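Beneath this line is the structure, given in structure tokens, with notes to follow.
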Amino acid sequence: GQRTALGLLNQHRMFPMQKFWGNFNEPLKDRYLQWAFGTHKPDCRFMPYYQKDNPFKVSGNYLVSCYQRGRTALFIITNCGKAGSTTFEFDRKKMGIAPDGVVMDPVSGETFEGDKINLTLQECDFRYIFVGSPEFGAMLQAPEPDKAYIRK
């Protein structure tokens, strides 16, 4: 479905074209979150899952890539198989991430303790994990898409 495609597209900095997707609400929310984080800004660095020696990792049949801006990070964790759990960990010091930054899922608002966390994902689904100030993390949650401005 859409989330499977988004999970894989996000790992490669790609975005779907609307004309093939029918209901585009999920991709719009996803794009909003990345835009609010500032993935388009010149100070944003993308670290793909296939880059060697990343200061972060996941266990099992999962991928993890990261957008980093200054002392904040937005991780994208994609499950490439059946529903299950993974251990996600990152090296805050190596990445220069703020030591007091909160670790949270910016979509659900769920927070986590420490720099090594267990996550559960549905089959072929994905999750974001944000590390930084709680105020900035809270701003990443997308509002319901408003299509009032779209001309037919």
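Results, tabulated for the structure shown:
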{"quantity": "Given the chain, longest segment not containing exposed loop chymotrypsin sites (Phe, Trp or Tyr not before Pro) (DSSP; at most 11 other Cβ within 10 Å)", "calculated": "51-148"}
{"quantity": "The chain - percent of accessible surface contributed by carbon and sulfur, probe 1.4 Å", "calculated": "52"}
{"quantity": "Helix-derived mean residue ellipticity, 222 nm - over the chain, DSSP H n ≥ 4, -39500 (n - 2.57), to 500", "calculated": "-5500 deg cm²/dmol"}
{"quantity": "Estimated vicinal HN-Hα couplings, Hz - region 57-62 in sequence order (Karplus 6.51, -1.76, 1.60; Gly, Pro = x)", "calculated": "7, 10, 9, x, 8, 10"}
{"quantity": "Per-pair calculated FRET efficiency, R0 = 25 Å: Gln141 and Lys82 via Cβ, rounded to 0.05", "calculated": "0.35"}
{"quantity": "For Pro48, net neighbour charge (Lys/Arg +1, Asp/Glu -1) across residues whose Cβ lies under 15 Å away", "calculated": "+3"}
{"quantity": "From phi via Karplus (6.51, -1.76, 1.60), per-residue ³J(HN,Hα) for region 93-107 in Hz, x at Gly/Pro", "calculated": "5, 4, 7, x, 7, 3, x, 9, x, 6, 9, 8, 8, x, 7"}
{"quantity": "Selection from Gln68, Gly114, Val131 lying farthest towards where the dipole of the chain points positive, charges on Cβ", "calculated": "Gln68"}
{"quantity": "Out-of-range pairs (alpha-carbon distance over 19 Å; input Lys29/Lys116; Lys29/Lys82; Lys29/Lys57; Lys52/Lys82; Lys94/Lys116; Lys29/Lys94)", "calculated": "Lys29/Lys116; Lys29/Lys82; Lys29/Lys57; Lys52/Lys82; Lys29/Lys94"}
{"quantity": "Per residue value of the accessible surface for region 31-152 (all protein chains in place, 1.4 Å probe), Å²", "calculated": "56"}
{"quantity": "³J(HN,Hα), Karplus 6.51/-1.76/1.60, whole Hz, each residue of region 27-44, x for Gly, Pro", "calculated": "x, 5, 4, 4, 5, 4, 4, 5, 5, 4, 5, x, 4, 8, 7, x, 8, 9"}
{"quantity": "Candidates per GluC sites (Glu not before Pro) in region 64-152, loop by DSSP, up to 14 other Cβ within 10 Å", "calculated": "Glu110, Glu113, Glu123"}
{"quantity": "Gyration tensor verdict on region 74-138 (Cα atoms; rounded if a/c is under 1.5, prolate if a/b is larger than b/c, oblate otherwise)", "calculated": "prolate"}
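The values are calculated or read from the model by the stated rules, or taken from the named source; none is laboratory data. Nothing here was measured: the structure is a model prediction, and the numbers come from that model. Positions of Cβ are backbone-derived with ideal geometry, glycine not excepted, and every protein chain shown enters the neighbour counts. Heads up: the accessible areas ignore ligands, DNA and RNA and are worked out on the full protein's heavy atoms, side chains in. Shrake-Rupley method; radii C 1.70, N 1.55, O 1.52, S 1.80 Å.
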